[in-house]
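The values are calculated or read from the model by the stated rules, or taken from the named source; none is laboratory data. The structure displayed is predicted, hence computed values, not measured ones. Here the Cβ is made from the backbone with ideal geometry for all residues, glycine too, and neighbour counts use every protein chain on show. These accessible areas exclude ligands, DNA and RNA; they are computed on the full protein's heavy atoms, side chains included. Shrake-Rupley method; radii C 1.70, N 1.55, O 1.52, S 1.80 Å.
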Amino acid sequence: MEQDVLLQATDLTKYFPVTKGLVLQKIIGWVQAVDHINFTIRRGQTLALVGESGCGKTTTAKLILRLERPTTGQITLETADVHNLEGEELKQYHTDVSAVFQDPWSSLSPRMRVRDIISEALVVNQKVTTKEAYDRVDYLLESVGLRAQQATLYPHEFSGGQRQRLAVASALVGNPKLICLDEPVSALDVSIQAQIMNLLKDLQDQFNVGYLLVAHNLATVRYLAHEVAVMYLGEIVEQAETDELYDNTLHPYTKALFSAALTANPDSQREEIILRGEVPSPINPPSGCRFHVRCPYAMDICSQEIPERKELAPGHFVSCHLY
Amino acid sequence: MTSQADNYQAENYYEPEKNIGEVVLDVRDLRTYLYTRWGITKAVDGLNFQVRAGETLGIVGESGCGKSMTALTLLRLAPKPAARIVSGEIFLDGENILERPENEMRFVRGQKISMILQDPMTSLNPVFTIGNQMVEALGMYYQEEQQRGLRDRAVDILRRMGVAAPERRVMDFPHQMSGGMKQRVVGAMAIAGTPRVLICDEPTTALDVTIQAQYLRLLKQVQAESGVSIIFITHDMGVVAKMCDRALVMYAGRVVEQGDIRTLFKNPSHPYTKALMASVPSMEEKHVDKLYSIEGQPPALFDLPVGCRFANRCEFVTDKCIETYPPSFANEQGHSADCWLLEGQSEWRQVTEAGV
């Protein structure tokens, strides 16, 4: 089944300058946070970005949320070029795309009542009466498994799992088409994680909203995502539908990443691949394939040429000289 | 292709043989209460367990269940004046360390029992070099030696913890190292006094997965070489499955179930353990429609129910559960659980009294 494309990122790049000196800030290098990546998110589906810290997952999410401007490249939501929106269109965009962050202790204002936190995006970006906004809040609180009477409470009166439900409710307020979920469950306890993951999945079916999931827990990703992109040092090294990727990892980095993820099974007999060293600095990333310094299968060509992105199976893309 | 596989350390790696010896740490009826303005918070409430030499014991449970307070109590570092150890005994190598005067504890900490904390950024002092900090710690254990000798020892221990070029690294400040490297330094300081028991409180939670895999393997190697017992505190079931021989499951200040790791994962007896295992998503399983989730919240530790603490979230709750805290039932394999459901079953025999 081919769903229509909701968001498309083309050749997306973000470099941050590295400066020296206090007054005359001389640029001495660039952090290549996101480097020429391409992906699409389909309507009502989830794309997950996985990878280690510093690989550019969060920067990608920030680019979509317009919290950063891309160095080159383009993001389009439906037909609109996201970074060239202005005026009313921009306000509409801010209700169409929202976010849920990792830590529900710092993402909710402690001085605002729950109903004001949740309705804020609506009040700022759209013309609604207070009554309409509060009705919407009551409806959303019920949708995320809380009670409408709790709308007048403050965030500190809720537990961690309930706070994350509030964060989800406030992301849903403008009836968005896309929600960026930045590690939505990793700050929560195991038993609460399952509740929130079930909730996110139910809401996706109910509201037909697309998710960009940024996560490092591969089990979470398997449960929530339809498609997965594996990032390493700002590049997408492998991308495929979730089941295809989990059954058939191709890129050596993906293999190592998957083998390092631990399963809750003491008898698990999986091949154990432990990589040497650490992720190199994104300021001066290695030449050619960025993974070649840690790759067990590195060949001469790997340090010289950037591997092309190849489609090895339908919808399964890999950037590696081995294939 | 295998000839190029040098970068995978797997080549010359073998899973070290476990050599489990006599009981090193024996904890009996340990209770640590915090006296706060909301009332008495029973953070650790009647803990019984043993750790053998060379064994890895996991302590699992959700936040606020008393895992970390247990660790601090074992080191006698529970925050004063709020925390008081109200009862219990901690036998370390046959000696009850709770009877030692406070000023002697510095010879117990580090040399008999030591700890690796979750966040390496906060366990190291940012204004001293790694070498400085290590020499300071080592000076405690090798008082007769000169600075120079201590520095050589520091280099040596860092090398054992897998720090590349340790001669140069001792001159680094903490901010010059990556998270994984800093955690290795913290680990090096923890094993420097050749302790009998090493408590690891979520040591890899702040690390990336590929670095976590390196670190866990390193801990196993250190354990195989030195025979140290490890108490591994974590909420990550994957880490428990990988590292531990046995585990305690804690809930609201109590151990609700303990036993060897296979039984806990494959055949848990306490409804809380069952629910916890069922709610962990698996990356090996194909598409699941709905994850099992435990509804509700754990009780507040200063306002505990009289009966079973899991009763308000338990599927199998009966009136008895609400009225009286269940006794421990044990079977012949050394597995035990606190649950009324096990009462009267042939393989389980009651080992403690109900309602305590």
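Values as computed for the structure displayed
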| read-out | value |
| --- | --- |
| Evaluation of A:A194 against (1) among the hydrophobic types (A, V, I, L, M, F, W, C); (2) in a loop (DSSP other than H, G, I, E, B); (3) closer than 22 Å to A:A215 by Cα (one fails), failing number | (2) |
| Output for the range B:97-137, where each listed residue is touching an Asp or Glu at 6+ places or on another chain (Cβ under 7 Å) and over 26 Å from B:T234 (Cα atoms) | B:T129, B:I130 |
| Pairs, first within 11 Å of chain A (Cβ to nearest Cβ) and touching a residue at least 40 places away in the same chain (Cβ under 8 Å) in the range B:51-62, second open to solvent by 10 Å² or more (accessible area, probe 1.4 Å) and among the basic types (K, R), C-beta under 6 Å, six or more apart | B:G61/B:K67 |
| Residue check for A:S191: under 27 Å from B:A275 (Cα atoms) and over 18 Å from the mean Cα position of the chain (by Cα) | yes |
| Index of the failed condition, A:L203 passing every other in (1) aliphatic (A, V, I, L, M); (2) within 13 Å of chain B (Cβ to nearest Cβ); (3) surrounded by fewer than 23 Cβ atoms within 10 Å (Cβ to Cβ); (4) touching a residue at least 12 places away in the same chain (Cβ under 8 Å) | (2) |
| Residue selected from the range B:225-237 under the condition surrounded by 22 or more Cβ atoms within 10 Å (Cβ to Cβ) and closer than 16 Å to A:N217 by Cα, by the criterion farthest from the other protein chains (Cβ to nearest Cβ) | B:T234 |
| Checking A:L245 against (1) closer than 23 Å to A:V185 by Cβ; (2) more than 16 Å from the chain's Cα centre (by Cα); (3) more than 13 Å from chain B (Cβ to nearest Cβ); (4) open to solvent by less than 10 Å² (accessible area, probe 1.4 Å), the condition it does not meet | (3) |
| Pick from the range A:248-294, criterion within 8 Å of chain B (Cβ to nearest Cβ), surrounded by 19 or more Cβ atoms within 10 Å (Cβ to Cβ) and of a type in the set (S, T, Y), ranking: farthest from A:V228 (Cα to Cα) | A:T263 |
| Considering residues of the range A:272-295 that are in contact with a Ser or Thr (Cβ under 6 Å, 6 or more places away or on another chain) and more than 15 Å from A:H321 (Cα to Cα) only, the residue modelled with the lowest pLDDT | A:E272 |
| Qualifying position, being surrounded by 20 or more Cβ atoms within 10 Å (Cβ to Cβ) and touching a helix residue (DSSP H, G or I) at 6+ places or on another chain (Cβ under 7 Å), among A:V123, A:V128, A:V137 | A:V137 |
| Output for the range A:46-103, where each listed residue is over 18 Å from A:T10 (Cα atoms) and assigned to a helix (DSSP H, G or I) | A:G87, A:E88, A:E89, A:L90, A:K91, A:Q92, A:Y93, A:H94, A:T95, A:D96 |
| Residue check, B:L158 among the hydrophobic types (A, V, I, L, M, F, W, C), open to solvent by 20 Å² or more (accessible area, probe 1.4 Å) and free of Cβ contacts under 8 Å to residues at least 40 places away in the same chain | no |
| Top-ranked residue in the range B:250-308 [being more than 8 Å from chain A (Cβ to nearest Cβ) and aromatic (F, W, Y); ranked as most open to solvent (accessible area, probe 1.4 Å)] | B:F302 |
| The range A:310-323, subset in contact (Cβ under 8 Å) with a residue 40 or more places away in the chain and open to solvent by 40 Å² or more (accessible area, probe 1.4 Å), residue nearest to A:N38 (Cα to Cα) | A:F317 |
| Test: residue in the range A:94-102 that is farther than 25 Å from A:L77 by Cα and either surrounded by fewer than 18 Cβ atoms within 10 Å (Cβ to Cβ) or within 23 Å of the chain's Cα centre (by Cα) (or both) | no |
| Selection within the range A:212-229 - within 12 Å of chain B (Cβ to nearest Cβ) and either within 19 Å of A:Q193 (Cβ to Cβ) or aliphatic (A, V, I, L, M) (or both) | A:A215, A:H216, A:N217, A:L218, A:A219, A:T220, A:V221, A:R222, A:Y223, A:L224, A:A225, A:V228 |
| Failed condition for B:Y215, given (1) under 16 Å from the mean Cα position of the chain (by Cα); (2) part of a helix (DSSP H, G or I); (3) over 28 Å from B:D93 (Cα atoms) | (3) |
| In the range B:309-326, the residues that are aromatic (F, W, Y) and surrounded by fewer than 16 Cβ atoms within 10 Å (Cβ to Cβ) | B:F316 |
| Condition check for A:S159: closer than 30 Å to B:V249 by Cβ, under 19 Å from the mean Cα position of the chain (by Cα) and surrounded by fewer than 21 Cβ atoms within 10 Å (Cβ to Cβ) | no |
| Flag for A:E238 being surrounded by 15 or more Cβ atoms within 10 Å (Cβ to Cβ), part of a strand (DSSP E or B), more than 8 Å from chain B (Cβ to nearest Cβ) and of a type in the set (D, E, K, R) | yes |
| Residue ranges of strands (runs of 3 or more DSSP E) in the range B:24-133 with at least 3 members modelled with pLDDT under 95 and open to solvent by 40 Å² or more (accessible area, probe 1.4 Å) | B:39-52, B:83-92 |
| Residue identified as out of contact with any helix residue (DSSP H, G or I) (no Cβ under 8 Å at 6 or more places or on another chain) and either at positive phi or modelled with pLDDT under 90 (or both) among B:T210, B:T205 | B:T205 |
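Yes/no matrix, rows are residues, columns are (1) within 25 Å of A:Y232 (Cα to Cα); (2) surrounded by fewer than 21 Cβ atoms within 10 Å (Cβ to Cβ); (3) within 16 Å of the chain's Cα centre (by Cα):
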residue	(1), (2), (3)
A:K14	yes, no, yes
A:G51	yes, no, yes
A:T72	yes, yes, no
A:L90	no, yes, no
